[in-house]
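Take a look at the structure below.
The values are calculated or read from the model by the stated rules, or taken from the named source; none is laboratory data. All values reported here derive from a predicted model rather than from experimental measurement. No Cβ is skipped: glycine too gets one built from the backbone with ideal geometry, and neighbour counts run over all protein chains shown. Accessible surface is based on the protein model in full, side chains and every heavy atom, while ligands, DNA and RNA are left aside. Shrake-Rupley method; radii C 1.70, N 1.55, O 1.52, S 1.80 Å.
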Amino acid sequence: MEKLIKVSQERNKKLNKIELLKQEHTPREAWERLEEYAEKGFSSIPEYDLNYFFKCFGVFYRPATPERFMIRVRVPGGRLTYDQAVKIGELAQKYGNDYIDLTTRMQVELRYIRIEDLPVVLRELESVGITTFQTGVDNFRNIVQDPLDGVAFDNVIQTWDILLKMQDIFLKKEEWICKLPRKFNISISGSFSNRCNVFGHDACFVLAEKDGVFGFNVFLGGKVGAVARPADVFLLGEEVPPFFEALGRVFKKYGFKDSRNKNRLKYLIDAVGMEELIKAVEIEGGKGFRSAGTTLTPVQGGDKTEKIQLKDGTFAVHMVVPSGIFSGSAIIGAAEVSKEYGSGEIRLTVEQNLYILGIPEEKMEKALSQPVFRKYKNRHSVFFSDLIACAGTEHCPFGVIPNKPDAIDTAQYLTEKFPDLDGKIRMYWSACQKGCGIHGLGDLGFVGVKFRQNGKAVLGVDIHIGGTVTKESEEGKLLIKNVPLEKIKYFIEELVIEFERLRKSGEPFEEFYKRVLTRISKEAVRFLVVFNNLMREKGINLRIEINDLVIGKSSEEEEIFGFGFQLYRKITGKNPYSRPNILEIYDEPEPEKPSKITDIPKQFEKVIMRMISKNPQKRFKVFTEVEEELKSI
């Protein structure tokens, strides 16, 4: 542990302003004064409680809604009973404009709450066994698990009891409230299907097998923008809580307290290495650990179909909540369906949707005819079923774009364009670079940005592609920067056209990306989108596509040649060369100019001829050169 101690001491010589604030005030003081603030009104709340310590108890002030608070309700594993769901709905109706957000951590957020009503709302939540404690700032956050834990056929180890034991270590314990250097997210899944983004958290406990015994492999250091890494540790179910506690104590003791932007668990691992960290956990816990087994959660899916048969023969019925925008009335409606036709239990998902459990086949038609399913569909298009969007400018001070409306608008446009497309496309939207919409893990990820275009400030997104949630997940790659909000749907339409055209039957976008899009450069994918949108804007009925002319090439120059070959053939009806290979045209004549065969703008002709030129000195070498030339058209 010598390296860990030395690095920690060096990094903690200078404390950030939040750590200094913790030395001056405590969360307990804020909690004890809550009733007083409620009596005296909003203006009586000091800044340090308003903007920091309240968050320890899930109470967030949002300047976008002056003198109103957002309350984040901890829903362990996303499991809600009938009474809990109804209580949340009633509180939203009475105190929160009947508005609810479902979150990517399987939680519920109430908004528009006045300080005068805060104490009663918090008491009412506690009366049905749920709390808002430690759902913000430097705490262990809500633990997520498979929403079908214990009931799905592919659930090998039920993790609910393990989750509760982990939660009991820290929840409402003063030694843990606001005592971590930074927030700490946890996931656990005992299922083959990855229905809870299991690899995207600070600490991840993932179904595994070693020597014929089932347990959990440990992955550590996940966050927005970084996927958790293997810790080479295998644990039995009963070993997970003590390991978690020892890990938490190591992070609490040695985690960095200098830069708020670089003090998650990931940065401690980056600085000292995984092996050093695990040694410290073993010393802290007084026990060594076995090396990792075989991870058993590589399977994608199981989380969006309209119904999933459970072990007892009943069904979990899916409800799609676009971008997580829900209401008190709707959650009560869902609870009533669960009570009347199911087991009385609701399970929230990381995709901001929900399941109603325990509905038998003979009651299915009646359940789906209930009013709540008229607004929130049981089966939606592929563009809505796996749509995630965090709060935007309406509710979040960090939001750059509206976000949820943008996500819904894009999904609706694509639904109308591709009404019969099946499969799975995960579109994850973050309103800013903080990435609460986990855009990095989406098949298509969007992050809100503001940029200048033609001298004016413009709102838009950076588009990412290729994020994965299967097995050892990968972050998506930046595809296109600074896309104006009004153009997003057209850019994505081009990708979906290629997906629909080239995919195998039932193939999800994630697999399509691996099979097809990774065989061409990211720059080629970007060019396809940008070029086809330019043609659409100019009213020119011409588009390029992914085919053998561009797949598997070794350079951008070869891909440019392939696209140029396509364009020449589409415009003239003829091939420019007898052989579509840049290395095999040295002995062929220069192709005839398209303008001699058909009507074409001279500048456009010039671009195409440079794309397919025999002369290497004249040919474009990279796509940015082509895009620059196209600007003059």
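Select, from ASN541, ASN547, the only residue that is of a type in the set (S, T, N, Q) and either open to solvent by 50 Å² or more (accessible area, probe 1.4 Å) or outside any loop (DSSP other than H, G, I, E, B) (or both).
Being of a type in the set (S, T, N, Q) and either open to solvent by 50 Å² or more (accessible area, probe 1.4 Å) or outside any loop (DSSP other than H, G, I, E, B) (or both) holds for just one of ASN541, ASN547, which is ASN541.
Do you know which residues across the range 499-527 are in a loop (DSSP other than H, G, I, E, B) and of a type outside the set (Ser, Thr, Tyr)?
Correct list: ARG503, LYS504, GLY506, GLU507, PRO508, VAL516, ILE520.
Can you say whether PHE256 is among the aromatic types (Phe, Trp, Tyr) and either without any contact (Cβ under 8 Å) to a residue 12 or more places away in the chain or touching a Leu at 6+ places or on another chain (Cβ under 8 Å) (or both), as far as the supplied structure shows?
yes
If you scan the range 309-326, which residues turn out to be in a loop (DSSP other than H, G, I, E, B) and open to solvent by 20 Å² or more (accessible area, probe 1.4 Å)? Give the steps one after another, and end with the answer.
Step one: list which residues in the range 309-326 are in a loop (DSSP other than H, G, I, E, B), which gives 311-314, 320-321.
If the condition is that a residue be in a loop (DSSP other than H, G, I, E, B) and open to solvent by 20 Å² or more (accessible area, probe 1.4 Å), then LYS311, ASP312, GLY313, THR314 are the ones that fit.
Within the range 572-621, take every residue that is part of a helix (DSSP H, G or I) and among the acidic types (Asp, Glu) and give me the one that is farthest from GLY562 (Cα to Cα).
GLU605
Within the range 61-73, take every residue that is open to solvent by less than 10 Å² (accessible area, probe 1.4 Å) and under 24 Å from the mean Cα position of the chain (by Cα) and give me the one that is nearest to GLU126 (Cα to Cα).
Result: VAL73.
Please name all residue pairs, on different chains or six or more residues apart, with Cβ atoms under 8 Å, provided the first residue is in the range 577-604 and is in contact (Cβ under 8 Å) with a residue 24 or more places away in the chain and the second residue is among the aromatic types (Phe, Trp, Tyr).
So the pair list comes out as TYR577/PHE565; PRO580/PHE565; ILE582/PHE561; ILE585/TYR577; GLU588/TYR577; PRO594/TYR568.
Do we find a residue being under 17 Å from PRO397 (Cβ atoms) and in contact with a helix residue (DSSP H, G or I) (Cβ under 9 Å, 6 or more places away or on another chain) anywhere in the range 114-134?
Looking for residues that are under 17 Å from PRO397 (Cβ atoms) and in contact with a helix residue (DSSP H, G or I) (Cβ under 9 Å, 6 or more places away or on another chain), one finds none in the range 114-134, hence no.
Failed condition for PRO298, given (1) of a type outside the set (D, E, K, R); (2) at pLDDT below 95; (3) in contact with a Pro (Cβ under 9 Å, 6 or more places away or on another chain); (4) surrounded by fewer than 18 Cβ atoms within 10 Å (Cβ to Cβ), with all others met?
(3)
Taking the options PRO405, PRO397, name whichever one is within 17 Å of the chain's Cα centre (by Cα), of a type outside the set (Phe, Trp, Tyr) and open to solvent by 10 Å² or more (accessible area, probe 1.4 Å).
So the residue among PRO405, PRO397 that is within 17 Å of the chain's Cα centre (by Cα), of a type outside the set (Phe, Trp, Tyr) and open to solvent by 10 Å² or more (accessible area, probe 1.4 Å) is PRO405.
When you go through LYS223, LYS253, LYS266 one by one, which is the residue that is over 17 Å from ILE186 (Cα atoms) and either buried (at least 23 other Cβ atoms within 10 Å of the Cβ) or not aromatic (Phe, Trp, Tyr) (or both)?
Among LYS223, LYS253, LYS266, only LYS253 is over 17 Å from ILE186 (Cα atoms) and either buried (at least 23 other Cβ atoms within 10 Å of the Cβ) or not aromatic (Phe, Trp, Tyr) (or both).
How many residues, within the range 3-50, are more than 21 Å from ILE177 (Cα to Cα) and open to solvent by 90 Å² or more (accessible area, probe 1.4 Å)?
Residues that pass the stated criteria total 9.
Which one of ILE465, ILE520 is farther than 21 Å from GLU625 by Cβ and at pLDDT 95 or above?
When all the criteria are applied, what remains is ILE465.
Taking the residues in the range 114-130 that are free of Cβ contacts under 8 Å to residues at least 60 places away in the same chain and open to solvent by less than 30 Å² (accessible area, probe 1.4 Å) as candidates, determine which candidate is farthest from ALA38 (Cα to Cα).
ILE130
Test THR305 against the stated conditions and say whether it is assigned to a loop (DSSP other than H, G, I, E, B) and open to solvent by 50 Å² or more (accessible area, probe 1.4 Å). Talk me through it step by step, then tell me what you get.
Working: assigned to a loop (DSSP other than H, G, I, E, B): yes; open to solvent by 50 Å² or more (accessible area, probe 1.4 Å): yes.
Yes, satisfied.
For (1) more than 17 Å from ILE5 (Cβ to Cβ); (2) surrounded by fewer than 18 Cβ atoms within 10 Å (Cβ to Cβ); (3) touching a strand residue (DSSP E or B) at 6+ places or on another chain (Cβ under 6 Å), each residue gets a yes or a no:
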| site | (1), (2), (3) |
| --- | --- |
| SER259 | yes, yes, no |
| ASP270 | no, yes, no |
| GLU275 | no, yes, no |
| GLU284 | no, no, no |
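Counting only residues that are at negative phi and surrounded by fewer than 22 Cβ atoms within 10 Å (Cβ to Cβ), which one in the range 342-364 is nearest to the chain's Cα centre (by Cα)?
Once the filter is applied, the top-ranked residue is GLU345.
Would you mind finding the one in VAL321, VAL350, VAL382 that is among the aliphatic types (A, V, I, L, M), at pLDDT below 95 and within 21 Å of GLN145 (Cα to Cα)? Don't jump to the end; show me each part of the working.
On the way: VAL321 fails: at pLDDT below 95; VAL382 fails: within 21 Å of GLN145 (Cα to Cα).
When all the criteria are applied, what remains is VAL350.
Of the conditions (1) open to solvent by 10 Å² or more (accessible area, probe 1.4 Å); (2) not in a strand (DSSP E or B), PRO147 fails just one. Which one is it?
(1)
Return yes or no: is SER381 open to solvent by less than 40 Å² (accessible area, probe 1.4 Å), in contact with a helix residue (DSSP H, G or I) (Cβ under 7 Å, 6 or more places away or on another chain) and either within 30 Å of LYS339 (Cα to Cα) or not hydroxyl-bearing (Ser, Thr, Tyr) (or both)?
Yes, satisfied.
Specify the residue that is farthest from ASP443 (Cα to Cα); the eligible residues are those in the range 366-378 that are of a type outside the set (S, T, N, Q) and crowded, with 16+ Cβ neighbours inside 10 Å.
Residues of the range 366-378 of a type outside the set (S, T, N, Q): 366-368, 371-377.
Going one step further and asking which of them are crowded, with 16+ Cβ neighbours inside 10 Å, we end up with 367-368, 372-373, 376-377.
Values: ALA367: 32, LEU368: 30, VAL372: 29, PHE373: 27, TYR376: 23, LYS377: 22 Å.
For the range 366-378, the residue satisfying everything is ALA367.
Can you pull out every residue in the range 384-394 that is open to solvent by less than 10 Å² (accessible area, probe 1.4 Å) and touching a residue at least 60 places away in the same chain (Cβ under 8 Å)?
PHE384, SER385, ASP386, LEU387, ILE388, ALA389
Do any strands (runs of 3 or more DSSP E) entirely within the range 181-229 hold 2 or more residues that are within 19 Å of LEU441 (Cα to Cα) and β-branched (Val, Ile, Thr), and if so, which?
Those strands (runs of 3 or more DSSP E) span 184-189.
Kindly establish whether PRO76 is open to solvent by 10 Å² or more (accessible area, probe 1.4 Å), farther than 25 Å from SER343 by Cα and not β-branched (Val, Ile, Thr).
no
Given the condition in contact with a strand residue (DSSP E or B) (Cβ under 9 Å, 6 or more places away or on another chain) and modelled with pLDDT under 95, answer yes or no: does some residue in the range 486-493 qualify?
no
Is it true that some residue in the range 610-626 is open to solvent by 70 Å² or more (accessible area, probe 1.4 Å) and under 33 Å from the mean Cα position of the chain (by Cα)?
Yes, because at least one residue in the range 610-626 is open to solvent by 70 Å² or more (accessible area, probe 1.4 Å) and under 33 Å from the mean Cα position of the chain (by Cα).
For the range 231-241, give me each residue that is surrounded by fewer than 18 Cβ atoms within 10 Å (Cβ to Cβ) and not in a loop (DSSP other than H, G, I, E, B).
Those that are surrounded by fewer than 18 Cβ atoms within 10 Å (Cβ to Cβ) and not in a loop (DSSP other than H, G, I, E, B): ASP232, GLU238.
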